[in-house]
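Chemist: Okay, here's the structure, questions in a sec.
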Amino acid sequence: QAKQAGKNTVRMFHANMSEVLKTKVNLENQLHDAIVNDRMEVHFQPRFNPQGQICAVEALARMRNEEGDLIPPVEFIPIAEETGLIVPMGEQVLRKACQWMSLVNQQLSHAVGLSVNVSGIQLLDGKLCNTVATVLEETGLSPALLELELTETVLMQNHLAVQDDLMRLHALGVNLSIDDFGTGYSSLAMLHKMPVQTIKLDRSFVSELPNKPDSVIISRTVLAMARALGLGVVAEGVETEDQRDFLVESGVAELQGFGLAKPMNAQDARQFVLAQELPATALQWVTKPSA
Ligand code: C2E
Ligand code: MG
Ligand code: MG
Ligand code: MG
């Protein structure tokens, strides 16, 4: 009986594995097709200053499959990284985002910045700097308006080639930020050595503000450290007014989150950003204020 069960377990394990593999290969194929057919989509989430004005937008990749469904990044980014498809995908997202931002900025009296997520694999590939320079030239977006969001892991690996690339990107006039800060293993020494201007405080801390003592301490410490190092802090995942108030009082430079604005497709994001130009349009808090 036990032997029988064991056999079945083994067979089920194989069946499941091949299902997982099939899904993965299928996603990989879809991703490849989406890239080749220029079908990667970019959504945009605004970043606000403490006064409630949009100062930048973050580009977020979306994959449109053959059925026309939008697939979120959690599903395809890991596969893109494993297969190296992240390199052409990242380039397509960067190009589309810069094109969009360049066009929107032509209609704005005050330029808005753009941040684009970059995977460590793209940095290790060694061509990122050339790609960025080419895309900026093609789209006419000013380098000073572009920020690349990097993760701690790639920065801390201490690759000389990566450091060199970061310096070259910095020399282009592009800004660099550390995404999801506090979830990795950044050291103060490394932070100081890197040409990074901004830290994005991870959503996991922000979501527990202002009542969880640990997150309060961590957020305050990150803000104090950033101030001492001359870095700006962007709080991500701001969902409530209490979180916003705490962060603004604590001296955060920018806020981002569903409470202020969710990611939008290119068309909606354009309208959202342009609406700021109208003097009468006060920015609305998305969630109902708690009485
Ligand atoms: P991220 O760069 O930290 O982006 C923020 C993610 O949190 C986005 O999810 C956004 O929709 C979500 N978010 C923003 N505000 C809130 C909030 O208030 N509450 C909650 N619960 N979530 C919020 P998304 O678009 O699914 O992206 C997930 C991750 O995928 C990104 O995290 C980033 O690491 C990666 N990613 C997205 N686009 C790209 C890309 O073009 N290239 C690379 N390499 N990675 C990307
Ligand atoms: Mg990001
Ligand atoms: Mg982030
Ligand atoms: Mg995050």
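Rule-based calculations on the coordinates, nothing more; no lab input. If you're wondering where the values come from, they're calculated on a predicted model, not measured in any experiment. Using ideal geometry, Cβ is built from the backbone for each residue, glycine included, and neighbour counts are taken over all protein chains shown.
Chemist: Using r as the Cβ-Cβ distance of Thr221 and Leu108, and R0 as 35 Å, what FRET efficiency do you calculate, to the nearest 0.05?
Modeler: Efficiency, from the Cβ-Cβ distance: 0.45.
Chemist: Arrange the peptides 269-276, 177-184 so that the one whose residues have, on average, the most other Cβ atoms within 10 Å appears first.
Modeler: For the peptides 269-276, 177-184, the packing ranking is 177-184, 269-276.
Chemist: OK, next. Return the tail of the calculated pair distribution for the range 139-289, meaning the percent of Cα-Cα pairs more than 23 Å apart.
Modeler: 44
Chemist: Any chance you could give the angle, 0 to 90 degrees and rounded to 10, that helix 160-172 forms with the longest Cα principal axis of the chain?
Modeler: 40
Chemist: Would you mind checking the tilt of helix 128-139 against the longest principal axis of the Cα atoms of the chain, expressed as 0 to 90 degrees and rounded to 10?
Modeler: So the helix axis and the longest Cα principal axis differ by about 60 degrees.
Chemist: Just the ratio, please: alpha-carbon radius of gyration of the range 60-144 over 2.2 N^0.38 Å, N its number of residues.
Modeler: On the way: Rg = 14.0 Å, N = 85, 2.2 N^0.38 = 11.9 Å.
Against the compact-globule rule of thumb, the ratio is 1.18.
Chemist: Here's a follow-up. What would the Debye equation give as log₁₀ I(q)/I(0) for the chain at q = 0.08, 0.13 Å⁻¹, counting only Cα atoms as equal point scatterers?
Modeler: Those come out to -0.39, -0.95, one per q.
Chemist: Same structure, new question: Can you give the FRET efficiency to the nearest 0.05 for Glu277 and Ala144, using r as the Cβ-Cβ distance and R₀ = 25 Å?
Modeler: Numbers: r = 21 Å, r/R0 = 0.82.
Rounded to the nearest 0.05, the efficiency is 0.75.
Chemist: Given the rule -39500 (n - 2.57) for each run of at least 4 DSSP H residues, summed and divided by the residues of the chain, what is its mean residue ellipticity at 222 nm, to the nearest 500 deg cm²/dmol?
Modeler: Working: 12 runs with 149 residues, N = 291.
The per-residue figure over the chain is -16000 deg cm²/dmol.
Chemist: Return the distance in nm (one decimal) between the two label points of a simple spin-label model at Gln51 and Ala189, each offset 7 Å from Cα along Cα→Cβ.
Modeler: 4.1
Chemist: Describe numerically, in nm with one decimal, the distance between label points set 7 Å from Cα along Cα→Cβ at Asp125 and at Asn26.
Modeler: If labels sit at Asp125 and Asn26, their model points lie 2.7 nm apart.
Chemist: What is the fewest-to-most order of Thr23, Thr240, Thr83 by other Cβ atoms lying within 10 Å of their Cβ?
Modeler: Sorted ascending by nearby Cβ count, the order is Thr23, Thr83, Thr240.
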